[in-house]
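One structure below.
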Amino acid sequence: MLKIGVLVSGGGSNLQAILDGIEKGIIPNTKVVAVISNKEDAYALERAKQYDIPHMYLNPKDYRTKKDYDQALADYFHAQSVDLIVLAGFTRVLSETFVNQFSNRIMNIHPSLIPSFCGKGYYGLKVHEAALSYGVKVTGATVHFVDLGTDTGPIILQKAVPVLEGDTPEILQRRVMEEAEWQIYPKAIALYAQGRIQIQGRTVKIIEHL
Ligand code: GRF
């Protein structure tokens with residue numbers, strides 16, 4: 001059984017897609033064992049509650065340093081024997097100590113086709129604003145492993161989404177979520193749960209048939 005710990009900050013629609021994927025059997029042999037938010041009012045916590053999943057708000061202000069906060073997260077996940085950490089709209093960048101403790105065991109979703117519109121400063125609506133102002137005709141989403149950089153880790157899955165005339169950042173964000181994020185995040189976790197992901201350097205190889 002793959003045990004997942006999820007870090008959230010907001011609405012938690014990606015968390016929901018993962019929970020739906022588990023329920024429908026798209027993600028086999030997997031359980032979400034912990035959901036932690038750095039924001040008290042994150043609706044994602046409510047979703048966890050509805051599914052009876054242990055969840056908590058951890059206030060960064062209660063910790064002296066970023067490192068201390070991240071270690072508290074890591075300690076909790078270790079205590080729950082978490083195998084894979086899933087960042088689902090988590091707005092903080094994780095420190096080196098945290099990432100090193102879960103090397104190649106942290107996944108993130110980014111709402112663009114990396115390496116476009118990613119890295120420091122590209123989060124939330126800003127990503128879609130940037131795509132629209134650049135004038136790209138195609139954008140999308142990327143699931144990747146987290147390494148020490150921002151949005152630089154090995155890419156697991158990507159899905160393209162068209163930019164349409166009249167799109168606002170909000171409309172585009174919604175389309176990217178519906179057509180890409182909520183599809184590829186459950187799929188990537190399923191591949192991981194099935195042991196079908198191999199990392200070779202910075203390249204991820206998906207094993208088609210076991
Ligand atoms: C998503 O667009 C995700 O790609 C980004 O933050 C947003 C989170 O949305 N990292 P939600 O909280 O999963 O609804």
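The values are calculated or read from the model by the stated rules, or taken from the named source; none is laboratory data. Bear in mind the structure is a predicted one, so any value in this text is a computation, not a measurement. Neighbour counts run over all protein chains shown; Cβ positions are idealised from the backbone, glycine included. In case anyone asks, the SASA skips ligands and DNA or RNA and just uses the protein heavy atoms, side chains included. Shrake-Rupley method; radii C 1.70, N 1.55, O 1.52, S 1.80 Å.
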Could you tell me which numbered condition Asp167 fails, if it satisfies all but one of (1) touching a Pro at 6+ places or on another chain (Cβ under 7 Å); (2) part of a loop (DSSP other than H, G, I, E, B)? (1)
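Suppose the filter is touching a residue at least 12 places away in the same chain (Cβ under 8 Å), basic (Lys, Arg), surrounded by 17 or more Cβ atoms within 10 Å (Cβ to Cβ) and within 15 Å of the ligand (Cβ to nearest atom); does Arg47 pass it?
On the way: touching a residue at least 12 places away in the same chain (Cβ under 8 Å): yes; basic (Lys, Arg): yes; surrounded by 17 or more Cβ atoms within 10 Å (Cβ to Cβ): yes; within 15 Å of the ligand (Cβ to nearest atom): yes.
Yes; evaluated as a whole, the condition is true for this residue.
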Return only the number of the condition from (1) surrounded by fewer than 21 Cβ atoms within 10 Å (Cβ to Cβ); (2) touching a residue at least 40 places away in the same chain (Cβ under 8 Å); (3) farther than 27 Å from Gly119 by Cβ; (4) β-branched (Val, Ile, Thr) that Ile53 does not satisfy. (2)
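With Val82, Val32, Val93, Val86 as the choices, which residue is among the hydrophobic types (A, V, I, L, M, F, W, C) and modelled with pLDDT under 95? Working first, answer last.
Numbers: Val82 fails: modelled with pLDDT under 95; Val32 fails: modelled with pLDDT under 95; Val86 fails: modelled with pLDDT under 95.
Being among the hydrophobic types (A, V, I, L, M, F, W, C) and modelled with pLDDT under 95 holds for just one of Val82, Val32, Val93, Val86, which is Val93.
Out of Phe102, Phe98, Phe90, report the one residue that is within 16 Å of the ligand (Cβ to nearest atom) and not basic (Lys, Arg).
Working: Phe102 fails: within 16 Å of the ligand (Cβ to nearest atom); Phe98 fails: within 16 Å of the ligand (Cβ to nearest atom).
Just one listed residue meets the conditions, Phe90.
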Could you grab me the full set of residues in segment 177-210 that are open to solvent by 50 Å² or more (accessible area, probe 1.4 Å), closer than 18 Å to Ile106 by Cβ and aliphatic (A, V, I, L, M)? Ile199
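Restricting attention to segment 121-149, report how many residues are among the β-branched types (Val, Ile, Thr) and open to solvent by 40 Å² or more (accessible area, probe 1.4 Å).
If we filter segment 121-149 for residues that are among the β-branched types (Val, Ile, Thr), which is where we start, we get 127, 136, 138-139, 142-143, 146.
If we keep only those that are open to solvent by 40 Å² or more (accessible area, probe 1.4 Å) too, we end up with 138.
Residues that pass the stated criteria total 1.
Please state which one of Ser116, Ser103, Ser95 is surrounded by fewer than 20 Cβ atoms within 10 Å (Cβ to Cβ) and either among the aromatic types (Phe, Trp, Tyr) or free of Cβ contacts under 8 Å to residues at least 12 places away in the same chain (or both).
Numbers: Ser116 fails: either among the aromatic types (Phe, Trp, Tyr) or free of Cβ contacts under 8 Å to residues at least 12 places away in the same chain (or both); Ser95 fails: either among the aromatic types (Phe, Trp, Tyr) or free of Cβ contacts under 8 Å to residues at least 12 places away in the same chain (or both).
Answer to the check: Ser103.
Can you report the number of residues in segment 164-176 which are of a type in the set (Val, Ile, Thr) and open to solvent by less than 30 Å² (accessible area, probe 1.4 Å)?
Within segment 164-176, the first condition is being of a type in the set (Val, Ile, Thr), and the residues that meet it are 168, 171, 176.
In the following step, the residues that additionally are open to solvent by less than 30 Å² (accessible area, probe 1.4 Å) were identified as 176.
Residues in segment 164-176 being of a type in the set (Val, Ile, Thr) and open to solvent by less than 30 Å² (accessible area, probe 1.4 Å): 1 in total.
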Which condition from (1) within 12 Å of the ligand (Cβ to nearest atom); (2) in the same structural domain as Ala17 (by TED's automatic domain parsing); (3) modelled with pLDDT of 95 or more is the one that Cys118 breaks? (2)
Of the candidates Leu73, Leu19, the one satisfying the condition of being within 16 Å of the ligand (Cβ to nearest atom) and either assigned by TED's automatic domain parsing to the domain that holds Leu125 or open to solvent by less than 50 Å² (accessible area, probe 1.4 Å) (or both) is Leu19
Considering residues of segment 56-68 that are assigned to a helix (DSSP H, G or I) and touching a residue at least 12 places away in the same chain (Cβ under 8 Å) only, the residue farthest from Asn100 (Cα to Cα): Pro60
